[in-house]
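The values are calculated or read from the model by the stated rules, or taken from the named source; none is laboratory data. None of the values given here were measured: they were computed from a predicted structure. Using ideal geometry, Cβ is built from the backbone for each residue, glycine included, and neighbour counts are taken over all protein chains shown.
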């Protein structure tokens with residue numbers, strides 16, 4: 001496995017463990033202990049491929065493995081025509097890594113109370129932008145520990161391929177980013193984990209906490225799947241960089257399970273599974289006649305995120321190990 005591989009090979013994951021790949025497709029809101037429901041495409045970009053690739057079809061193992069392993073590709077690898085189509089239809093815009101780095105630095109500047117913690121930003125004379133990674137162990141401010149940092153919750157909204165969380169490659173140019181130069185919020189946490197642990201068991205325990213603390217949601221199923229894949233391979237990258245070997249399958253499955261809860265499919269404006277709001281037909285009978293009325297979703301009518309009749313998305317509160325709806329974290333309108 002090439003650490004700097006951009007387009008991850010689904011067949012490779014499937015051959016190692018079909019269950020592992022299946023975990024990256026599960027929709028935790030709709031699934032139960034006895035039945036797995038997968039995320040769905042939520043885009044018409046693949047409709048020409050036929051049955052199994054329509055807007056509302058679930059993404060199945062068969063649809064993305066075997067001869068179909070190259071169906072889902074990162075935006076940087078997609079054709080220019082498809083990139084433009086997705087921008088027009090879904091306002092899909094991806095952020096270059098230097099901007100992700102700049103904004104992530106603002107978060108860390110506040111948390112650490114100082115600048116240039118993980119890198120120094122560079123504005124080049126030719127108008128390009130870069131950064132110089134810090135090469136010394138990160139020192140924490142008084143009253144805060146490295147464990148406090150890796151447990152700080154972070155959320156990337158409308159995450160696409162999750163470039164703010166992990167930065168295996170620049171999502172605009174497709175240029176691979178070496179592990180020592182990565183700038184994602186999870187990348188930073190895993191760097192801290194590596195600097196403060198010695199054994200594999202210590203690293204795995206701390207890395208699990210780091211993964212539990214990062215969240216992201218996305219409308220389109222293909223982007224969501226790419227984000228989940230990228231988080232899983234980021235785990236592999238950092239473990240291999242630390243210990244010189246790949247993590248065991250049981251460790252991968254544990255992390256994949258966390259990822260499937262924390263990176264989920266959602267309409268961010270409504271807090272529901274995309275397209276799940278609906279109209280309800282009612283028949284009202286009076287003395288002489290019956291009348292059919294159509295009741296629109298109240299949340300959609302009033303723009304109130306707490307009044308939708310769609311399926312509200314569930315996430316995991318890892319502190320209590322209980323599920324809750326995402327909108328339960330939001331203040332209700334008065």
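Here are a few things to note about the model shown:
- From 291, 270, 322, 314, residue being under 22 Å from the mean Cα position of the chain (by Cα), surrounded by fewer than 13 Cβ atoms within 10 Å (Cβ to Cβ), more than 30 Å from residue 195 (Cα to Cα) and not assigned by TED's automatic domain parsing to the domain that holds residue 177: 322
- If the condition is being modelled with pLDDT of 95 or more and not in a loop (DSSP other than H, G, I, E, B), then the stretch 131-175 contributes 131, 132, 133, 146, 147, 148, 149, 150, 154, 155, 156.
- Residue in the stretch 126-139 that is within 19 Å of residue 224 (Cβ to Cβ) and in the same structural domain as residue 235 (by TED's automatic domain parsing) present: no
- Where residue 45 falls short, out of the listed (1) at pLDDT 95 or above; (2) surrounded by 12 or more Cβ atoms within 10 Å (Cβ to Cβ): (1)
- Check on residue 245, touching a helix residue (DSSP H, G or I) at 6+ places or on another chain (Cβ under 9 Å), surrounded by fewer than 18 Cβ atoms within 10 Å (Cβ to Cβ) and outside the structural domain of residue 313 (by TED's automatic domain parsing): yes
- The stretch 53-75, residues that are surrounded by 15 or more Cβ atoms within 10 Å (Cβ to Cβ) and either under 18 Å from the mean Cα position of the chain (by Cα) or farther than 13 Å from residue 221 by Cα (or both): 58, 59, 61, 65, 68, 69, 72, 73, 74, 75
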